[in-house]
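Here the structure is laid out as structure tokens; the discussion comes afterwards.
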Amino acid sequence: MNKPDAQRPRSQAAARIAMILGGIVAGLILLELGLRASTWVYLFNWPNFVRDARTVHTERDTGRHIHDARLGHTPRPAYAAPGIAIDADGLRLTGEVPAGSSAPILAVGDSFTFGEEVADAEAWPAQLQRIVGRRVLNAGVSGYGFDQIVLRAEELAPRYKPGAIVVGFIADDIRRTEMRRLWGADKPYYDIEGQTLVPRNVPVPPRADPRTTLNFWHRTLGYSFLFDFMMQRLGLLYDWFGDHIRVHPPGTGERIACLLTARLAELQRSSGARVLVVAEYDPVVWDDPAFAAKQREMTGALLACAQKQGLATLDSYNAMVGTSKPRQLYVQWHMNGEGNALIARLVAKSLGLKAE
């Protein structure tokens with residue numbers, strides 16, 4: 001008899017919830033339209049921002065790089081763009097080769113070694129070449145993890161027979177060893193079995209079409225200019241736009257990187273080339289103390305592993321602090337000519353080299 005009365009509060013609660021949700025949706029729609037109207041362009045243009053960002057990155061990356069079944073990707077031979085020139089072997093040009101028969105110096109690393117955001121002559125391998133008067137091979141590759149850096153050193157050392165190998169890295173390269181895909185490009189990675197590194201994802205598959213990498217949220221919220229605006233303000237666009245696939249939990253990369261230093265030690269023995277492991281720093285280190293503490297911890301642990309393996313190490317942190325203006329040594333995300341000059345001087349000193 002009282003059943004209808006008992007159901008009335010429930011129906012009223014459901015109605016209130018529906019009204020609240022409807023109000024929220026209506027408010028979000030108004031915010032979306034208002035924000036688009038403020039730019040005018042996007043009031044009539046409704047692209048999927050994630051898909052477009054990944055497409056642009058893919059087009060840029062495939063223009064500069066070629067697929068490599070062992071390493072993932074390498075610089076495109078004979079590639080040229082304003083300020084950037086790659087030779088026929090996929091190495092960035094370092095300027096006029098000094099006369100003499102001394103064995104070259106092989107520089108491997110990520111975008112900091114390659115010299116993103118600066119011209120060929122301003123990258124630190126090119127500046128090192130001018131300091132020591134000895135050929136320096138710039139084999140840095142943007143986007144590499146520490147695993148790819150070691151693999152590239154192992155691949156190139158037998159070919160060029162260097163007298164020294166400089167292995168540059170930033171702390172994020174350690175995190176990258178936990179990934180199977182970075183910025184849309186598949187890469188090799190390692191599993192750990194006991195104290196052994198087991199290679200995976202080799203041969204590395206070609207880069208996927210960015211249209212096939214979108215999940216449900218990318219296919220829906222990717223069209224929202226409001227959501228894109230919020231992610232940008234929160235500093236989360238890196239992961240929202242980036243196509244990354246993680247295969248190991250955070251922290252695993254530190255173990256992988258440490259085990260990889262044994263590979264560098266073996267390379268030092270087999271090649272006869274002295275290996276120098278060089279720590280460089282992301283610019284955010286100078287903006288965020290908590291971030292800096294973690295980066296320093298990861299960097300210090302890897303350098304300690306390298307030292308235990310009998311490798312020479314160089315931590316550029318104190319030298320950068322000593323300039324009293326470390327943040328001014330960057331263009332935006334990478335070092336400028338002055339910052340790269342500092343690294344080149346530190347490397348020359350660590351190798352005990354003087355102009356020949």
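The values are calculated or read from the model by the stated rules, or taken from the named source; none is laboratory data. Quick caveat, the model's predicted, so the values are computed rather than measured. Here the Cβ positions follow ideal geometry from the backbone for every residue, glycine too, while neighbour counts run over all protein chains shown.
What to note about this one:
- Selection over segment 63-95 of residues that are in a strand (DSSP E or B), closer than 27 Å to Leu264 by Cβ and touching a Leu at 6+ places or on another chain (Cβ under 8 Å) gives a count of 2.
- Against the criterion of being crowded, with 24+ Cβ neighbours inside 10 Å, more than 11 Å from the chain's Cα centre (by Cα) and in the same structural domain as Gly115 (by TED's automatic domain parsing), Ile174 does not qualify.
- Being touching a Ser or Thr at 6+ places or on another chain (Cβ under 8 Å), at pLDDT 95 or above and of a type in the set (Asp, Glu) is a condition met by at least one residue of segment 271-285.
- Residue identified as more than 30 Å from Pro210 (Cα to Cα) and surrounded by fewer than 18 Cβ atoms within 10 Å (Cβ to Cβ) among Val278, Val321, Val347: Val321
- Residue count for segment 257-278, restricted to those that are of a type in the set (Lys, Arg) and touching an Asp or Glu at 6+ places or on another chain (Cβ under 9 Å): 1
Okay, residues lined up against (1) part of a helix (DSSP H, G or I); (2) in contact with a strand residue (DSSP E or B) (Cβ under 6 Å, 6 or more places away or on another chain):
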{"position": "Gly140", "(1), (2)": "no, no"}
{"position": "Ala153", "(1), (2)": "yes, yes"}
{"position": "Pro158", "(1), (2)": "yes, no"}
{"position": "Val166", "(1), (2)": "no, yes"}
{"position": "Ile192", "(1), (2)": "no, no"}
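- Per-region count, segment 96-138, residues hydroxyl-bearing (Ser, Thr, Tyr) and either in contact with a Leu (Cβ under 8 Å, 6 or more places away or on another chain) or not in a helix (DSSP H, G or I) (or both): 2
- Thr74 of a type in the set (S, T, N, Q), under 23 Å from Thr213 (Cβ atoms) and in contact with a His (Cβ under 8 Å, 6 or more places away or on another chain): yes
- Being surrounded by fewer than 23 Cβ atoms within 10 Å (Cβ to Cβ), closer than 30 Å to Glu297 by Cα and of a type in the set (Val, Ile, Thr) holds for only one residue in Val132, Val118, and it is Val118.
- Restricted to segment 1-28, and to residues there that are aliphatic (A, V, I, L, M) and either in contact with a helix residue (DSSP H, G or I) (Cβ under 9 Å, 6 or more places away or on another chain) or not in a helix (DSSP H, G or I) (or both), the residue that is modelled with the highest pLDDT is Leu28.
- Residue within segment 277-300 that is at positive phi and in contact (Cβ under 8 Å) with a residue 12 or more places away in the chain present: no
- Segment 197-247 - residue that is over 19 Å from the mean Cα position of the chain (by Cα) and among the acidic types (Asp, Glu) and, of those, farthest from Glu32 (Cα to Cα): Asp209
- Residue match in segment 331-340 (condition: part of a loop (DSSP other than H, G, I, E, B), polar (S, T, N, Q), in the same structural domain as Asp110 (by TED's automatic domain parsing) and under 16 Å from Ala126 (Cβ atoms)): yes
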